[in-house]
Structures are given as C-alpha cells and as structure tokens.
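Visitor: Sharing a structure with you now.
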Amino acid sequence: MFAALANPHRFMAFSRWAAPLCGVIALALIVPGLWLGLTAPPDYQQGTTVRIMFIHVPAAWTSMFAYACLGGASFFSLVFRHALADAAAKAAAPLGAAFTLLALVTGSLWGRPEWGAWWVWDARLTSVLVLFLLFLGYMALRSAIDDETKGARNAAILALVGLINLPVIEFSVDWWNSLHQGESILRPGGPAIAPVFLIPLLLMGAGYLFAFGALWQVRTRAEVYRRRAISLEAQLALA
Amino acid sequence: MSALLRLYRRELALAWNGGGGPLLALGFYAAVTALAPLAIGPEPERLRVIAPGFAWIALALASLLSLDRLYERDFEDGALDLLALGPLPLEAVAAIKALAQWTAAGAPLALAAPFAATALGAPPALSGMVLATAAIGALAFAFVGGLGAALALGSRRGGLIIAVIVLPLITPPVIFGGGALSAFTGGLPWLSGFLALIAYALAAAALCPLFAAMACRTAVS
Amino acid sequence: MSALLRLYRRELALAWNGGGGPLLALGFYAAVTALAPLAIGPEPERLRVIAPGFAWIALALASLLSLDRLYERDFEDGALDLLALGPLPLEAVAAIKALAQWTAAGAPLALAAPFAATALGAPPALSGMVLATAAIGALAFAFVGGLGAALALGSRRGGLIIAVIVLPLITPPVIFGGGALSAFTGGLPWLSGFLALIAYALAAAALCPLFAAMACRTAVS
Amino acid sequence: MIVALEIETLAVRRGERRLFDDLSLTLAAGEALTLGGANGAGKTTLLRAIAGLIAPSAGTIGFAGVAGPLDPDDARRADLHLVGHLDALKTTRTAGDELAFQAAWCGGDAASAAAAAETLGLTRLLGLAVRQLSAGQRRRLALARLLAAPRKLWLLDEPLAPLDAAHRALLGELMARHLDGGGLIVAATHDPLPLPARRLDL
Amino acid sequence: MIVALEIETLAVRRGERRLFDDLSLTLAAGEALTLGGANGAGKTTLLRAIAGLIAPSAGTIGFAGVAGPLDPDDARRADLHLVGHLDALKTTRTAGDELAFQAAWCGGDAASAAAAAETLGLTRLLGLAVRQLSAGQRRRLALARLLAAPRKLWLLDEPLAPLDAAHRALLGELMARHLDGGGLIVAATHDPLPLPARRLDL
Ligand code: HEM
Ligand SMILES: Nc1ncnc2c1ncn2[C@@H]1O[C@H](COP(=O)(O)OP(=O)(O)OP(=O)(O)O)[C@@H](O)[C@H]1O
Ligand SMILES: Nc1ncnc2c1ncn2[C@@H]1O[C@H](COP(=O)(O)OP(=O)(O)OP(=O)(O)O)[C@@H](O)[C@H]1O
Ligand SMILES: [Mg+2]
Ligand SMILES: [Mg+2]
C-alpha cells in the first residue's frame, strides 16, 4: 500500500477519487448503523444509554487504528525518507487525537449513568488517556520545532517510540489494574453482543474506519498541496 | 507603553511553544494526573484523599519546570543587557516576565486543576475552590520561581540555589492553598488559609521583581 | 576510554551543578514530607497505604526537573558539534549523558525516597524495597527523559514540552514500580512488577540512546 | 540628547585584576573613538562601564546635553545603543520578530525597523529563524537596531568582525553618516575602522 | 591519517535555498585553503559538510590517506578538527576544566593541554570561569584544542575574528607550522590569512 503510493503523483491521482469514495462508503455505513443503533431496543441493564456504545466503541477502535497508521507512516518517513509518508503522518495525528477524544468524551458521558462517575481509573480508560497524550505530544513536538524537516524527523522518532511502547503501556495498565483490584468495573459486554446491538456496532465500526480513511486522504492531499505552494513561493522569491 | 506591551508579547511567545502553550499545559496536567492513580492505585478512597494535595504538587512542579530557564537564555545570548538598558526598569521587566509565565503556563494549569482534582475523585463542589486557589497559587509560584531563576544566573551551581531558595519559598503557598483545600473539603474553616495564600501571592508579586532585578544587575555587571 | 571517562565527569559536573546533587534530594524529601499532611489528611492508617506510592510518584515527577538542560546547552553553545565529532559515537554520548543525569539526580533522589516514604508512615521495613525500586525507576526515567530532551532540541523553550513527551513513555515504569511497592506492602506477590520494572529500565537504556543520537544528528545538521 | 561623553579618572577592577585606573577622556558630538589593545585589555569592560552595566571602582562617567550635564541613567536609557560581542538574538524566533521587538524596545516603530532591514539587506531573511541565519547575517540583524531606533551614542564591540567586505564598507558609511548627524561612536575593534577616528589603546 | 581532501560535484541545499551545486576541489597535505565570499554564501555550511555534520544533497566528500581513500567517518573522528563560529565552551566552568575536557575528548593528554595553553598565553587564565574571559581569550581557549590534540585537517571558521594583532600573527605562525608538518587547513575568513593560501570564493 505505502510502497505503491510512495510516489506523490500516483497518490494524488489515486486519492482524487479514492477519498470521496471512502467518504460515500462511510456515509452508507454510518447512516443505517445510526438508524439501527438508535432504534435498537433499550438494553435491560442499561436502558437507552446503551446507545452511546454505537458512537463510543467504534471511536475507540478507530483511535487505536489511527495511531497504528501514524506509527507506520512515521516509520516510512524516518527510514525511507518518504516526504509523502511524512505528510501522511502529519495528517493522521489530529484525526487520531480527535477520535481518541471522542472515545474519551462519549465514554465518560456513558460512565456517568453507568458507574455514577465521569471518570474512573480503569485500565482501558487510562490507556486511552495515555494514547491521547501520545497524539498530543506528537503534535506539540512537531509544532514546536521551527525547522519543518527537523521537526518532522523528531516527531517521527517520537511516534515510533510510542508505537513500540503502546503494547507495553496497554499491557502494563491492564496488569496494574488487575493487580490492584481483581473485580475491576465489569463491562456489560454480554448483552452488547446480541445481534440487535452487534450489527449496528459493526456497521458503525466499519463506517468510522472508512470515514477516517477519507479524512486522512483529504488531509494528506491538503498537506501535499501546501508543500508544493511553499516550494513554488521559494522558487519565485529566488527567481 | 508600547515597549512594555512588546516585551509582554515576546515573553509570551517564548513561553508558549508555538501557540501550543495552553494545550501543552493541559496535556502536562492530564499526564501528571494520570500518573497518580498509576502509582498509588485506582481505588477511589485512596485517590480522593490525595486529590487536592496532588493537584498542588503538579502545579508547583509545572511552574518549576517552565521557569527553569526564564532568565538564563537572555543571559547567555546577551539579551539581558538589552533588557537592562531598555526604557523600562529591570523591576518592570522581571514583573512582566513572571506575568507572561503565569499567562502562558499558570493560568491554563489553574483552569485544568479542577478537572484533575475531580478526575481523582474530589467532589465537583470543590472545583471553584480548586480553581481559585490554583490560579492564585500559580501566580505566587511564577513570581517566586522567577526570582529563583534570576538568582541562579551565572552562579556555577544554579540548580542548588533553586533548590535552597525556591523550594522553601514555594512551600508556604503550597501549604496555605492545600490547607485551605483540605479544610474546605473537611468542612472546616478554610478562609484563613485562603487569605494567607492571597497575601503571600501579593507579597511575592510586590517583592520578587525587586530582588530578581537586583540579581539580574549583578549577573550582567 | 579516557575520553569516555572525561565525558562522564564533565556531564556529572554539569548535571550536579545544574540542579542535581544532595540538596535537590533534600528539597524533594522536604517537599514530599511537607505535603504529606495536606495530601493525605490526618488518619495515619490511610497514610500508611499510600505512602510508598506517593513517594514514588513524587520521585517520577522530580526526575523531570532540569531535563531541558541536558542537551540544549550543548546545542546552543556549539559543544554538541564537538561531541558529534568525538571519538565516541553519539549513541555512547547519549547513554553517558543519561547515566550522569542518573548519578547526579536520580541516585540522590532514590536515596532520599525511603526517608520520604517512612516520614509518610510507611513501615521502615519497606525502605529497602523503596530504595531499590526508586533507583531502578530513576534509571528508566533518566534514559527516557534524555530521549525527550534530545527530541525537543531546536524547539522553542524546552520545559513543559519535554514533560509532555516523556510522561506517557514513563507510564509503564511508574506502574510497575508503584504496583510492586503496594503489592509488597500488601503482602501480595511483588516480584513480577519489580522484574518488569528492571526489564523496562534495561530496554530504555538500550533503545533510547539510539533515538536520542538520531535526534542530535538532526539538530546539528 | 547626548552631545558629549566625559570620563574622568575612571578605574575598573575585575576580581583581583585592575583593568585600568585613572582613565580620562572626553568625546564630543560628531567624534568617533576606536578602542584598541590586546585581548583582555578591557575594551568590552570599558564599553559596558560606559553603558552603566559595570560599576567603576573609582572615577565618573558623565553625559552632557546641550543644556549641561544629564542624569546618567536617563541619558543611557534614552540615547545610548550598546551592541556587544553577543547578538542578543533568540535563535528560535524569526529574524523579523526579533528585529521588531528590538526596534520597539529601543523606541523605534515598524516602519523604521523595515527601513533598517532594507538598508542592511535583511529584508529577504526576515522570515527565517535566527538559527538559520549565517554569523554575518545575525550580526547585521543585531546592528539593525542602531538604525531602527535613532540614538546619539553608539557603543560597538567588534562591529566589523563577522561582516563581509561589502557590509564593512556599508557600516563605515552608516557610521560616518551618524557622525555627520552629530552622533558619537565608541567602537572596540581589532581591525581599523573604515572611517577617521581617534584611537585609544588600553 | 589524512593526506588529501577531495570534494567532487558537491551540492548543498538549506531549506529551499541551494547554496552551491557542483563544487569540486582537492586539497593536498601542506596546503591551506581560505574560503571567501559574502555573508550567507555558504562558508560555514561547507565546513560543516566537510566535517560530516551536514549531509550534502549531491556529490561526495572524500579523505585520502597515504594508502588510498579512507573511510570518511573514521577519518573525521580521528584526524579532523572543526572550530566553528561558536566556542563550544561552558561559561560556568573554569577555562582549565574546559580545556582539559576538550583536549582529552580529542585524544590529547594533560601535558599537551598545558603546552597548548602555554603557547596561546592562557596559562594565567585557566583558573577563571569561561564567563570571565574576554572574547579573544575564549577564542584562544577554543583554538587550544588544535594544539592539544594533533590532527591533520583543520577546519576553522573565522579563526582570526576576535584575536588581537599579536595573536593573529601567532596563529598564522602556528598554521604555517601545521602546514609544514603536512597538515591541511580550510579556513573561512573575511580578512586575509597571514600565510600563503589558495583562495576559493563561494
Ligand atoms: C472515558 C471512558 C471510556 C473509555 C476511554 C473507554 C475506552 C474503550 C476502548 C478503548 C474500547 C475498545 C477496546 C477494544 O475493543 O479493544 C472500549 C470498548 C467498549 N467500552 Fe468503553 N470506554 C469508556 C467508558 C465506557 C463505559 C462507561 C462503558 C459502559 C458501561 C463502556 C463500554 C464499552 C463496551 C461495551 C465496549 C465494547 C466491548 C469490547 O470491545 O470489549 N466504555 N472502550
Ligand atoms: N573575576 C575576574 N577575575 C579576574 N580577572 C577577570 C575577572 N573577570 C574578568 N577578568 C578579566 O578582565 C578582562 C576583561 O577584559 P575584556 O572582556 O574587557 O577584554 P577585551 O578588551 O574586550 O578583550 P577582547 O579583545 O578579547 O574582547 C579579561 O582579561 C578577564 O580575564
Ligand atoms: N532553512 C533555511 N532556509 C533558507 N535558507 C537557509 C536555511 N538555513 C540556512 N539558510 C541560509 O543558508 C546560508 C547559510 O550560510 P552560512 O552560514 O554557511 O554562511 P557563511 O558563508 O558562513 O556566512 P558568514 O560569512 O556570515 O558566516 C544563509 O544564507 C542562510 O540564510
Ligand atoms: Mg571584548
Ligand atoms: Mg559562517
């Protein structure tokens, strides 16, 4: 995928139609997903609040996927010095942060009725929070270094280290929680698996992924255009 | 006047990491807050008790972190001479530096403090109190920390000076504020501690610039 | 070899004078114990449960201090070029810098940690465990912190940004150490956490210098 | 407005070393003085003493206006430029930001700053971070505040050092023009200034 | 041991700017090359590229030993000195400490460091903090590692700038001696070196 699209022109040609296509598919998945989700029968445990799940869970999934994309793109930009990979990484970070934030917010909105607290220090919650901080650190570092290429390299290193670390973080957080409280807050995973819930959940999950894909391509295209504009400017200034 | 504004804007720009300043402060606070339960354990009853005090450590630490090099850069690259010869007395410069620090780091951190405390299990009713104490405390930290940064200038053992002078000076506001908070939580009379904090902040804002300016003059001479 | 030793001694002197050393440990110790009554409240039985974790988290935060001096000074005054052209590869330089940072800041803090914990009411029997965990944890913090400092080279105003980069990465050691401590306190099996801490420290010591060296090369290029 | 600099029986000591004692000189409007002497002779120290950064251990440094002596502190703040060995530039900020700040700080405005940049050939570079500038470009950026905020007394420490031939000539011209305008210049330098000037070897 | 420096069709770009492309030159043992050119022409950049700090966008930089080409990285680490615009000195440490470190770092020992300090007239100053040194004294301290740790290829950026007349002459002598010993020198400078040297204007 990366290798095939390494060439900017090929990528631009590809994404010209691929981006809108992904967007359409995303809509086609999300709209029915939402409809089914919102019309799903209230859960006998959680009542209507269970519907938050259809926003929340896919957001959480997508956030992790987004970080994987960020890490992959950073790897390519660092090792093979692909300018396009760097643009992709830069484009992925805010999206990932947004989805993570969505998971956090919807989650804590859900937590209020479920756990009676906006926030509990549950393993999963904490790991998502850390994930959000990784995204934040990436963007902050990138914006803080004024020489753009250097900032890109350092940020790529950070993303890569974060990628190596992410499983460690997840594992450690789980381990930490299980150690401290065996009977951690039980998730209503059981009822959630009933088809009435499962189908819209899967629809939404797929829809989120396609939406992310579409937005990612759009942002990457924008970044590529921005760089072309800059280099043109410079050439004019020197000419 | 325009010079004063200019200086403030410059210090602000230097303190904010390319606009990310407040966001960065929030991220820092979130990270530090997340560490607390990780180290101590997620049990709410454990966390609740440390919530206020911990919000304070984080605040003080953040101030120390960002104040570390408030003057040193200007000293090393010669800008301190320029500031010393400028239209404003060094006292004003020192005050503006501290204020800019507060604007860039202290205020956002103060805004974040209630969320941190609540996330750690402090009753949301505490938020207003936490915000107020944090904002005022951050002001005190900014001025005291600025003094420490100025005193450390050029001394071969700058860090030690910070440890010896700043830590003792920073402890009182921490105690006042934290005391007021836990008193408020416990339903005890908290006003005295709160007023003491305000008094300390005002005193710091009034006195620290003077001494900081003295330190700067010694450094450039 | 002599070059390596020389570099270590130089870095040690710089780190020591730039905020490390016994006084930092003292200040840390004082601050933590001063905060204890506020943070934990009067009931000692609560205190006892939290004490180790509290000291541990304070240590993690304290090891963030003075990180932004680690590379930036050398970068600003041109010494980083000299280091990059020296007999040792930059990877070794980065490792030595982190080690020196640990010797100057981490080790004293680790030595102070048991006192802090005991002052907070942790059983003295815990001291050895606290010391060991703190020492190893500080090592991990030093290496990860060094990476953060190197990555922040060329950024406006180090300070908070380094913390924001580093904090998520030191989550695991904080968890392992804190977990091991409270497990030990609670008489639960603690070894696994302790070993995980050691493993993370070793991994950090192995990997961080590589990436830090990359960042330095980018900075001087 | 400074029309004369009067130094009487000045003595300055650094640590154990006394750099000079009993140094006296007067400089009138339109005059330039170059400070010579070996490394460590005290040129920089003297300039900083005149600027009021270093307190002399004996003697006086006075500034005279058209209507007699001025209050030294006011005179310094209002009518004196010191460009030292260091450029006083923040490497992470853009050249434009730094120039704008320094100009405003010394009492100039945006227009004068732009003009100064134009004169010193910096306009094209204002968008770059100071770290990306070459040594000579940085030096010119530091010197730009002399033009951005007109003041009578210029204290210059090695103004020529990193400048290329063309800009050394240009600086000479600018200094000459400043003198014609009734300015005063004290410059510490190891290579001769490109303009007629009294010379004092420390 | 470096006996020749060979640069072929070198191109370096900074940001959008290409400083020079297709630059070729060879320097043999005993030769000195002075880099001239306007501010921002790329002298410092070229020196840093030769030192391997900046990666060229095209072309090669090679080092030849008596027995043919050397591995560039080894050659640089073992046999090259770069003294840039900045003195690479920690202002809070004493001159003695800094010299000792720099000498040892470059492979010299205490004796050679002391000798170098003696030659450059620094011995009396070794006890002072670098911050207390004058500009020229700092520069000499930075140059001292050239003598403290003998290496063949010297890359000097504005070596003369803050030095007084006597020490400029001395440095010229030292450079000449280095050349006689089969050394190579590339020096970026705006004022002519006090020794015969090829000149390249960027
Ligand atoms: C800020 C708060 C929350 C965060 C950050 C969060 C995070 C996550 C994450 C990361 C996942 C995906 C895990 C995976 O599939 O590997 C997830 C799934 C899920 N979450 Fe949350 N969550 C939060 C609150 C809640 C609440 C309050 C509930 C309901 C009581 C809930 C119920 C679920 C369910 C049912 C799933 C899907 C089941 C599964 O995938 O195992 N979450 N959450
Ligand atoms: N604390 C101190 N103790 C002893 N000597 C000191 C102290 N501080 C400064 N000095 C000496 O004072 C002198 C300061 O000289 P100054 O910087 O004015 O020299 P300069 O004429 O500007 O030289 P250069 O031509 O190199 O710029 C130096 O010789 C320095 O060694
Ligand atoms: N990122 C960048 N974008 C555009 N131009 C850059 C960038 N980085 C450096 N430059 C330019 O590259 C040149 C670097 O020049 P260099 O420092 O080698 O000059 P020099 O010949 O040493 O000049 P001097 O005589 O002043 O020392 C400068 O003109 C600088 O403006
Ligand atoms: Mg001088
Ligand atoms: Mg140069």
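Visitor: Six or more apart or on different chains, Cβ under 7 Å: which pairs go from a residue in the range E:7-23 that's within 10 Å of chain A (Cβ to nearest Cβ) to one that's in a strand (DSSP E or B)? Could you list them?
Guide: E:Arg18/E:Ala11
Visitor: Report, by residue number, each residue of the range D:34-61 that is assigned to a loop (DSSP other than H, G, I, E, B) and within 12 Å of chain E (Cβ to nearest Cβ).
Guide: Within the range D:34-61, D:Gly37, D:Ala38, D:Asn39, D:Gly40, D:Ala41, D:Gly42 qualify.
Visitor: Still on this structure, I have one more. Just one of (1) of a type outside the set (Ser, Thr, Tyr); (2) farther than 30 Å from E:Ala135 by Cα; (3) not in a helix (DSSP H, G or I) trips up B:Ala116, so point out which.
Guide: (3) is the only condition that B:Ala116 fails.
Visitor: Let me ask another. Within the range D:153-188, track down each residue that is within 10 Å of chain E (Cβ to nearest Cβ) and not charged (D, E, K, R). Show your work before the answer.
Guide: Step one: list which residues in the range D:153-188 are within 10 Å of chain E (Cβ to nearest Cβ), which gives D:157-158, D:160-168, D:188.
D:Leu160, D:Ala161, D:Pro162, D:Leu163, D:Ala165, D:Ala166, D:His167, D:Ala188, listed by residue number.
Visitor: Oh, and also: Within the range C:75-91, is even one residue more than 24 Å from B:Ala62 (Cα to Cα) and more than 13 Å from chain E (Cβ to nearest Cβ)?
Guide: yes
Visitor: Which residues, counting only those in the range E:125-161, are within 11 Å of ligand 2 (Cβ to nearest atom) and more than 17 Å from E:Thr91 (Cα to Cα)?
Guide: E:Ala161
Visitor: So the check is Cβ under 7 Å with 6+ separation or different chains; which pairs have a first residue in the range B:198-221 that's over 27 Å from B:Gly178 (Cα atoms) and a second one that's assigned to a helix (DSSP H, G or I) and among the aromatic types (Phe, Trp, Tyr)?
Guide: These pairs meet every condition: B:Ala219/B:Phe75.
Visitor: Right, E:Val83: in contact with a helix residue (DSSP H, G or I) (Cβ under 8 Å, 6 or more places away or on another chain), touching a residue at least 40 places away in the same chain (Cβ under 8 Å) and more than 9 Å from chain C (Cβ to nearest Cβ) or not?
Guide: Yes; evaluated as a whole, the condition is true for this residue.
Visitor: Give just the number: which of (1) crowded, with 19+ Cβ neighbours inside 10 Å; (2) more than 9 Å from every other protein chain (Cβ to nearest Cβ); (3) more than 16 Å from ligand 3 (Cβ to nearest atom) does D:Ala104 not satisfy?
Guide: Failed condition: (2).
Visitor: Got a number for residues in the range E:45-88 being β-branched (Val, Ile, Thr) and crowded, with 21+ Cβ neighbours inside 10 Å?
Guide: To start, the set of residues in the range E:45-88 that are β-branched (Val, Ile, Thr) comprises E:45, E:50, E:54, E:60-61, E:66, E:83.
Now drop any that are not crowded, with 21+ Cβ neighbours inside 10 Å, which leaves E:45, E:50, E:83.
Residues in the range E:45-88 being β-branched (Val, Ile, Thr) and crowded, with 21+ Cβ neighbours inside 10 Å: 3 in total.
Visitor: I've got another one for you. Are there strands (runs of 3 or more DSSP E) fully within the range E:85-202 with at least 3 residues that are touching an Asp or Glu at 6+ places or on another chain (Cβ under 9 Å)? List them.
Guide: Numbers: elements: E:153-157, E:184-188, E:198-201.
In the range E:85-202, the matching strands (runs of 3 or more DSSP E) lie at E:184-188.
Visitor: Continuing with this model, one more query. Say whether the condition of being more than 10 Å from chain E (Cβ to nearest Cβ), touching a Lys or Arg at 6+ places or on another chain (Cβ under 9 Å), in a helix (DSSP H, G or I) and touching a residue at least 40 places away in the same chain (Cβ under 8 Å) is met by at least one residue in the range C:50-61. Write out each step before concluding.
Guide: We begin by selecting, within the range C:50-61, every residue more than 10 Å from chain E (Cβ to nearest Cβ); these are C:50-61.
Right, trim to touching a Lys or Arg at 6+ places or on another chain (Cβ under 9 Å) and you get C:50, C:53.
Filter again for in a helix (DSSP H, G or I), leaving C:50, C:53.
Keeping just the survivors that are touching a residue at least 40 places away in the same chain (Cβ under 8 Å) gives C:50, C:53.
Yes.
Visitor: Name the pairs: first residue in the range A:144-156 and more than 7 Å from chain C (Cβ to nearest Cβ) and closer than 19 Å to A:Val79 by Cβ, second residue modelled with pLDDT of 90 or more and crowded, with 21+ Cβ neighbours inside 10 Å, Cβ to Cβ under 6 Å, at least 6 apart or on different chains?
Guide: A:Gly151/A:Arg142; A:Ala152/A:Asp86; A:Ala155/A:Tyr138; A:Ala155/A:Leu141; A:Ala155/A:Arg142; A:Ala156/A:Ser74; A:Ala156/A:Ser77; A:Ala156/A:Leu78
Visitor: Follow-up. Here is a check on your reading of the model: is E:Arg93 surrounded by fewer than 21 Cβ atoms within 10 Å (Cβ to Cβ), on the phi < 0 side of the Ramachandran plot and either at the interface with another protein chain (Cβ under 8 Å from one of its Cβ atoms) or within 16 Å of ligand 3 (Cβ to nearest atom) (or both)? Working first, answer last.
Guide: Working: surrounded by fewer than 21 Cβ atoms within 10 Å (Cβ to Cβ): yes; on the phi < 0 side of the Ramachandran plot: yes; either at the interface with another protein chain (Cβ under 8 Å from one of its Cβ atoms) or within 16 Å of ligand 3 (Cβ to nearest atom) (or both): yes.
So E:Arg93 fits the description; yes.
Visitor: Just a yes or no: is a residue in the range C:87-96 more than 18 Å from the chain's Cα centre (by Cα) and buried (at least 22 other Cβ atoms within 10 Å of the Cβ)? Give the steps one after another, and end with the answer.
Guide: Taking the range C:87-96 first, the residues more than 18 Å from the chain's Cα centre (by Cα) are C:87-92.
From what's left, buried (at least 22 other Cβ atoms within 10 Å of the Cβ): C:90.
Yes, some residue in the range C:87-96 is more than 18 Å from the chain's Cα centre (by Cα) and buried (at least 22 other Cβ atoms within 10 Å of the Cβ).
Visitor: Is it fair to say E:Gly107 is out of contact with any Ser or Thr (no Cβ under 8 Å at 6 or more places or on another chain), at pLDDT below 95 and at positive phi? Full working, then the answer.
Guide: Numbers: out of contact with any Ser or Thr (no Cβ under 8 Å at 6 or more places or on another chain): yes; at pLDDT below 95: yes; at positive phi: yes.
For E:Gly107, the condition - out of contact with any Ser or Thr (no Cβ under 8 Å at 6 or more places or on another chain), at pLDDT below 95 and at positive phi - is met.
Visitor: Which one of A:Thr62, A:Thr39 is within 12 Å of the chain's Cα centre (by Cα) and hydroxyl-bearing (Ser, Thr, Tyr)? Full working, then the answer.
Guide: Numbers: A:Thr39 fails: within 12 Å of the chain's Cα centre (by Cα).
Answer to the selection: A:Thr62.
Visitor: Can you confirm whether D:Leu122 is without any contact (Cβ under 8 Å) to a residue 40 or more places away in the chain, away from ligand 2 (no atom under 16 Å from the Cβ) and surrounded by 20 or more Cβ atoms within 10 Å (Cβ to Cβ)?
Guide: It is true that D:Leu122 is without any contact (Cβ under 8 Å) to a residue 40 or more places away in the chain, away from ligand 2 (no atom under 16 Å from the Cβ) and surrounded by 20 or more Cβ atoms within 10 Å (Cβ to Cβ).
Visitor: Same structure, new question: Report every pair of residues separated by at least 6 positions or lying on different chains whose Cβ atoms are under 6 Å apart, first residue within the range C:183-194 and free of Cβ contacts under 8 Å to residues at least 24 places away in the same chain, second surrounded by 13 or more Cβ atoms within 10 Å (Cβ to Cβ) and outside any helix (DSSP H, G or I).
Guide: Note: pairs meeting the criteria are C:Ala183/C:Trp190.
Visitor: Another one. Hey, among the residues in the range D:125-152 that are hydrophobic (A, V, I, L, M, F, W, C), surrounded by fewer than 23 Cβ atoms within 10 Å (Cβ to Cβ) and more than 14 Å from chain E (Cβ to nearest Cβ), which one's nearest to ligand 3 (Cβ to nearest atom)?
Guide: Among those that are hydrophobic (A, V, I, L, M, F, W, C), surrounded by fewer than 23 Cβ atoms within 10 Å (Cβ to Cβ) and more than 14 Å from chain E (Cβ to nearest Cβ), it is D:Leu147.
Visitor: Now a separate question. Output the residue which, of all residues in the range D:17-36 that are surrounded by fewer than 19 Cβ atoms within 10 Å (Cβ to Cβ) and at pLDDT below 90, is nearest to the chain's Cα centre (by Cα).
Guide: Restricting to residues being surrounded by fewer than 19 Cβ atoms within 10 Å (Cβ to Cβ) and at pLDDT below 90, the top hit is D:Phe20.
Visitor: Which one is farthest from B:Val32 (Cα to Cα), of the residues in the range A:97-121 that are of a type outside the set (Gly, Ala, Ser) and within 11 Å of chain B (Cβ to nearest Cβ)?
Guide: It comes out as A:Trp115.
Visitor: In addition: Go through (1) closer than 18 Å to E:Arg151 by Cα; (2) small (Gly, Ala, Ser); (3) free of Cβ contacts under 8 Å to residues at least 12 places away in the same chain; (4) within 16 Å of ligand 3 (Cβ to nearest atom) for E:Ala111 and report which single condition fails.
Guide: (4)
Visitor: Looking at B:Leu67, B:Leu88, which one is farther than 21 Å from C:Leu167 by Cα and touching a residue at least 60 places away in the same chain (Cβ under 8 Å)?
Guide: Criteria check complete, one pass: B:Leu88.
Visitor: Kindly provide the set of residues from the range E:153-164 that are buried (at least 22 other Cβ atoms within 10 Å of the Cβ) and away from ligand 3 (no atom under 16 Å from the Cβ), ordered by number.
Guide: Passing the criteria: E:Leu153, E:Trp154, E:Leu163.
Visitor: Another one. Is there a residue in the range D:69-81 that is out of contact with any Lys or Arg (no Cβ under 7 Å at 6 or more places or on another chain), among the acidic types (Asp, Glu), outside any helix (DSSP H, G or I) and over 21 Å from E:His190 (Cα atoms)?
Guide: Yes.
Visitor: Moving to a separate point now. If the Cβ limit is 8 Å and pairs must be 6+ apart or interchain, which residue in the range A:106-120 that is touching a residue at least 60 places away in the same chain (Cβ under 8 Å) pairs with which residue that is away from ligand 5 (no atom under 16 Å from the Cβ) and in a loop (DSSP other than H, G, I, E, B)?
Guide: A:Pro113/A:Gln46; A:Glu114/A:Gln46; A:Glu114/A:Pro188; A:Trp115/A:Ile185; A:Val120/A:Ile185; A:Val120/B:Pro42
Visitor: Taking the condition at pLDDT 95 or above, closer than 25 Å to A:Ser74 by Cα and crowded, with 21+ Cβ neighbours inside 10 Å, does C:Pro172 pass? Quick ask: steps written out before the conclusion?
Guide: Values: at pLDDT 95 or above: no; closer than 25 Å to A:Ser74 by Cα: yes; crowded, with 21+ Cβ neighbours inside 10 Å: yes.
No.
The values are calculated or read from the model by the stated rules, or taken from the named source; none is laboratory data. Since the structure is predicted, the reported quantities are computational estimates derived from the model, not experimental observations. Here the Cβ is made from the backbone with ideal geometry for all residues, glycine too, and neighbour counts use every protein chain on show.
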